[in-house]
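Undergrad: Provided herewith is a single structure, encoded as structure tokens, for subsequent inquiry.
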Amino acid sequence: MAETIANLQIDGKDNPLDIVESSVGNEGLDIRSLRAQHGVVTFDPGFANTAGTTSALTYINGAEGQLMHRGYSIEDLALHCSFLEVSYLLLEGSLPNAAELQSWSDAVRVHTLLNEEMKRFFDAFPRDAHPMAILSSATNAISTFYEEYHNPGDAAAVRESAIRLMAKMPTIAAWAYKKSIGQPYMYPDNSRTYVENFLAMMFGLPVHRAEIDPVIVKALNVLLILHADHGQNCSTATVRFVGSSQANLFASVAAGMNALWGPLHGGANQAVIAMLQSIHDDPEATTESCIARAKDKDDPFRLMGFGHRVYKNYDPRARILKKYADDVLERVAGDDPLLEIAKGLEAAAREDDYFIERNLYPNVDFYSGIIFRALGFPPRMFTVLFALGRLPGWIANWKEMSEDPLTRIARPRQVYTGPAPLDFVPLGDR
Ligand code: ACO
């Protein structure tokens, strides 16, 4: 920080602004003194042009369609790493060596069980409860078993909470699913790897040991890696926002899950499949009618899985997934008519001026649901899978926030537009 590059004139008075330097990409204009010195605030709905923090975790170049974590490209990470390896990278700052990865995997493995009391908690939900509601509630609920680990200033306690969250989330996610189909909850099997264990809890039964296809394990590893972090998106910003009040890590992550659930964010993956299915099933819902509806400003319908606040080019995660979808389908599920519909929809949108002018491309959610489906997951679990993938990013952002000396409680300003002071009218005179 320091060098003055901008001078903002307000009422003829100079206000020199320092820059906050970046290592790559946008630099920041430091506007912290504006209100105190000039009585004005900046106005930026949706924080589209506002950096609330510096971060060393993830870099996105939206114009080029580039994504990297801690300096490594998403393409390399998806090709060469396991999900736990990428989680370590995000949380610890560098790729683990073999011994570090072993010790990290062992640490996570120890904590996969949920307290037995949690079974009653799952039982209490209605059978058709959405698994995202169960996931965020259960994440909050497990915090009650570890209250001595809640102090954000205690690095050892935070590390323990991070490990517990990573370890227990697959169990919670699988139990949320088991609840919805009325099957017994499966205990974790710590002889299995992280992803294999999750799949066994999802698809296994107590009466037989589930054989898990390594192709499915690999595919899910890739999908989780592609979701692992993504800058200051809505759910991650929520985790930081809540954590800035020194709320504990579990509570902050549970809040992030609720933000993720919305259809404009992680909930889009479920909405994409619903959209593709309706084109498949309903003769009136064609590719053309979907595109026309998405363009109609009087219709709230949007082309789900299209568009992104940051990417004005192809989302690199969607690019990887599009290629991967053919491969996965061929190896585990056979053809899926929804993949052909998705490709047709993408081709039509990319030739349409409306989408071209607005730089609307497929985002990560456009093809992920097709692969989740091929791996055997029902649509209502898709956003849960996104949450499972995003967990290390949420934790790493929360840690970065709580260790940053510049962190203050998040508290944006507003521009007030209500009535000016009014004379009070007693009840009987109104
Ligand atoms: N279908 C049709 N039009 C769209 C779409 C879409 N999917 N996305 C954006 N637009 C249009 C908007 O109507 C707007 O048009 P206008 O300039 O004529 O008013 C323009 O493109 C810009 O869109 P904004 O809504 O201003 O963009 P914003 O950055 O606020 O929103 C968002 C981004 C929420 C992702 C949006 O593109 C969207 O709703 N997409 C569909 C939902 C989706 O796929 N969400 C997942 C995002 S990725 C993720 O969270 C993992």
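Undergrad: Which residues, counting only those in the stretch 192-231, are surrounded by fewer than 22 Cβ atoms within 10 Å (Cβ to Cβ), assigned to a loop (DSSP other than H, G, I, E, B) and either within 16 Å of the ligand (Cβ to nearest atom) or within 24 Å of the chain's Cα centre (by Cα) (or both)?
TA: Result: T193, G231.
Undergrad: Can you name the residue in the stretch 269-288 that is exposed (fewer than 14 other Cβ atoms within 10 Å of the Cβ) and over 18 Å from D336 (Cβ atoms) and is also nearest to the ligand (Cβ to nearest atom) among such residues?
TA: Only one residue tops the list, namely E288.
So that you can scan it fast, the table gives a plain yes or no per residue for (1) farther than 28 Å from V217 by Cα; (2) modelled with pLDDT of 95 or more:
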site	(1), (2)
G369	no, no
A374	no, no
F386	no, yes
N397	no, yes
D404	yes, yes
P412	yes, yes
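Undergrad: Turning to a different aspect of this structure: Y187 is checked against (1) free of Cβ contacts under 8 Å to residues at least 12 places away in the same chain; (2) over 16 Å from L84 (Cα atoms) and fails just one. What number does that condition carry?
TA: Condition not satisfied by Y187: (1).
Undergrad: Does L338 satisfy the condition of being surrounded by 18 or more Cβ atoms within 10 Å (Cβ to Cβ), within 15 Å of the ligand (Cβ to nearest atom) and of a type in the set (A, V, I, L, M, F, W, C)?
TA: Values: surrounded by 18 or more Cβ atoms within 10 Å (Cβ to Cβ): yes; within 15 Å of the ligand (Cβ to nearest atom): no; of a type in the set (A, V, I, L, M, F, W, C): yes.
So L338 fails the test.
Undergrad: Among the helices (runs of 4 or more DSSP H) lying completely within the stretch 21-109, list those that include at least 1 residues that are among the aliphatic types (A, V, I, L, M) and in contact with a strand residue (DSSP E or B) (Cβ under 8 Å, 6 or more places away or on another chain).
TA: Qualifying helices (runs of 4 or more DSSP H): 34-38, 74-80, 83-92.
Undergrad: Take G243 and decide whether it is buried (at least 24 other Cβ atoms within 10 Å of the Cβ), in contact (Cβ under 8 Å) with a residue 12 or more places away in the chain and either away from the ligand (no atom under 16 Å from the Cβ) or of a type in the set (A, V, I, L, M) (or both).
TA: yes
Undergrad: Now, a different point. If I filter the stretch 289-320 down to residues being away from the ligand (no atom under 13 Å from the Cβ) and outside any loop (DSSP other than H, G, I, E, B), which single residue comes out as surrounded by the fewest Cβ atoms within 10 Å (Cβ to Cβ)?
TA: S289
The values are calculated or read from the model by the stated rules, or taken from the named source; none is laboratory data. Remember, predicted model here, so these are calculated numbers, not experimental data. No Cβ is skipped: glycine too gets one built from the backbone with ideal geometry, and neighbour counts run over all protein chains shown.
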